[in-house]
Amino acid sequence: MTVYVFGHANPDTDTITSAIVMSNFERELGSTDTIACRLGNINKETKYVLDYLKIDEPILIEDIADGSEVILVDHNNPAESIKNLNKCNILKVVDHHRVMLNTSYPLFYRAEILGSTQTVLYKLYKEYGIKINKTIATLMIAGIVSDTLLLKSPTTTEEDIKIIEELSEIAQIDYREFGLEMLNKGTDLSGLSVEELLYVDAKKINFRDVKAITNQINTTQINKVMKMKNDFEEGIDIIIEDEKIDLYLLLITDIIKGNSQVIVKGKRSDLFEKSFNVKLKDNTAFIEGLLSRKKQVTPIMTQNA
Ligand code: MG
Ligand code: MG
Ligand code: MG
C-alpha cells in the first residue's frame, strides 16, 4: 500500500524538503512504496533548493482515497492538511509545532521544540543509524535556514546551530552563503499575483474562538512591498468573506533587519492591538523584532483572545 508523506498546505521549504527527507528515511527502513508529496505549489525559495540539487518536486496531491496511509511532516493541524485527514490512517508525525491532532489509534509521534522539522529529522537519522548523504544534508540545511531565517528567528535553538554546522561539513557547502542566496530567491515577488501573495505562506489558525489566517512575506525592502498595500487590503477583504474568518494578519518581514510591518484586517483587529499594545493606523503597524509567528504571534494572541 502506498504511503503518502507530506507537509502542510501552502508549502514552505521546510515542509517540502522534510517530505523528501522523511520518505527517504522510510525507504532506508525498508519501505518500498513511500512517496514524497506536496499539497500546493512550491515557492521560489524552495525551487532554488530543488534546482540546486537537481531533484524533482514532490508529487502534487489534491485528494487521496479514504483509508490511505499517510505520514505528516512539519504540521499536525488537520486544518493545514489534506482535506480527508480524519479518514486517513496516520502512521507517523514528525514535527515542531504545537499539537493539534487527536486520533483514535496509536501512532509514531515525534515533535520537538526545534527550529525546523529538518532538525528533528537529522536526529532521527542519527538515532536509526541512517546515512546522511550530501543531498539529504543540503535538504536539511535548507529547511533549517528557511524556518529560522538563517538562525535569526527566536525559534532557533543551540541544537539547530550545532546541527547545521555538522550538515555543512557533510554537504560541503557554506550554509551562510547558500542560505542567503536561498532566502534572497524567496524575496523575489515578481510574477506573483496579489492573491498568490496573500496565500504564499498562509496558515489557518484559531486564537481560541477567533478564526484567523496569518501570512508572511519575506523581503529586504518593506517599503517596496507596502506599495501594494491597497491591493493587499482589497484582496484580504475578499479572503475574509470567502473563508469566514475574523482576522487576517499579513506580516511583511524584513529578513535582514528582523522587523515586520503588519497589515491587519477583520472584525477582531482589536485582538492584534491588544496583544502588541499598538494602535493600528490605516490597518497597519510596524513591530520591531517580529520574525516568528509561532513564537511571537500565536502564543500572545491566544493568551489575549
Ligand atoms: Mg512549515
Ligand atoms: Mg517547519
Ligand atoms: Mg516559515
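The values are calculated or read from the model by the stated rules, or taken from the named source; none is laboratory data. What you see is a predicted model, and the numbers here were worked out from it, not measured in a lab. Cβ atoms come from the backbone with ideal geometry, glycine included; neighbour counts cover every protein chain shown. These area figures cover heavy atoms from the full protein model, side chains too; ligands, DNA and RNA do not enter into them. Shrake-Rupley method; radii C 1.70, N 1.55, O 1.52, S 1.80 Å.
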Taking Leu39 as the residue in question, decide whether it is among the hydrophobic types (A, V, I, L, M, F, W, C), touching a residue at least 12 places away in the same chain (Cβ under 8 Å) and away from ligand 2 (no atom under 16 Å from the Cβ). no
How many residues, within segment 4-40, are open to solvent by less than 30 Å² (accessible area, probe 1.4 Å), small (Gly, Ala, Ser) and touching a strand residue (DSSP E or B) at 6+ places or on another chain (Cβ under 7 Å)? 5
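Restrict the check to segment 16-32 and report whether at least one residue is of a type in the set (Asp, Glu), within 15 Å of ligand 2 (Cβ to nearest atom) and closer than 21 Å to Leu121 by Cα. Show your work before the answer.
To start, the set of residues in segment 16-32 that are of a type in the set (Asp, Glu) comprises 26, 28.
Now drop any that are not within 15 Å of ligand 2 (Cβ to nearest atom), which leaves none.
Scanning segment 16-32, I find no residue that is of a type in the set (Asp, Glu), within 15 Å of ligand 2 (Cβ to nearest atom) and closer than 21 Å to Leu121 by Cα, so the answer is no.
Pick from Leu101, Leu50: which is touching a helix residue (DSSP H, G or I) at 6+ places or on another chain (Cβ under 8 Å), in contact (Cβ under 8 Å) with a residue 24 or more places away in the chain, part of a helix (DSSP H, G or I) and more than 16 Å from ligand 3 (Cβ to nearest atom)? Can you show your working first?
Values: Leu101 fails: part of a helix (DSSP H, G or I).
It is Leu50.
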When residues of segment 255-275 are limited to those that are in contact with a strand residue (DSSP E or B) (Cβ under 6 Å, 6 or more places away or on another chain) and under 30 Å from Leu151 (Cβ atoms), the one surrounded by the most Cβ atoms within 10 Å (Cβ to Cβ): Ser260
Can you say whether Ile287 is under 20 Å from Pro11 (Cα atoms) and open to solvent by less than 50 Å² (accessible area, probe 1.4 Å), as far as the supplied structure shows? no
It is to be established whether one or more residues within segment 4-22 are free of Cβ contacts under 8 Å to residues at least 40 places away in the same chain and more than 16 Å from Ile130 (Cβ to Cβ). yes
Unmet criterion (only one of (1) open to solvent by less than 10 Å² (accessible area, probe 1.4 Å); (2) within 16 Å of ligand 1 (Cβ to nearest atom)) for Leu85: (2)
Looking at Thr155, Thr117, which is the one that is of a type in the set (S, T, N, Q), touching a His at 6+ places or on another chain (Cβ under 6 Å) and either modelled with pLDDT of 95 or more or open to solvent by 70 Å² or more (accessible area, probe 1.4 Å) (or both)? Thr117
Taking the options Leu72, Leu91, name whichever one is part of a strand (DSSP E or B), open to solvent by 10 Å² or more (accessible area, probe 1.4 Å) and away from ligand 3 (no atom under 16 Å from the Cβ). Leu91
Members of segment 107-136 that are assigned to a helix (DSSP H, G or I), away from ligand 1 (no atom under 16 Å from the Cβ) and among the β-branched types (Val, Ile, Thr): Thr135, Ile136
The one condition in (1) free of Cβ contacts under 8 Å to residues at least 40 places away in the same chain; (2) away from ligand 2 (no atom under 16 Å from the Cβ) that Val93 fails to fulfil: (2)
Residues that are at pLDDT 95 or above and surrounded by fewer than 17 Cβ atoms within 10 Å (Cβ to Cβ): does segment 208-219 have at least one? yes
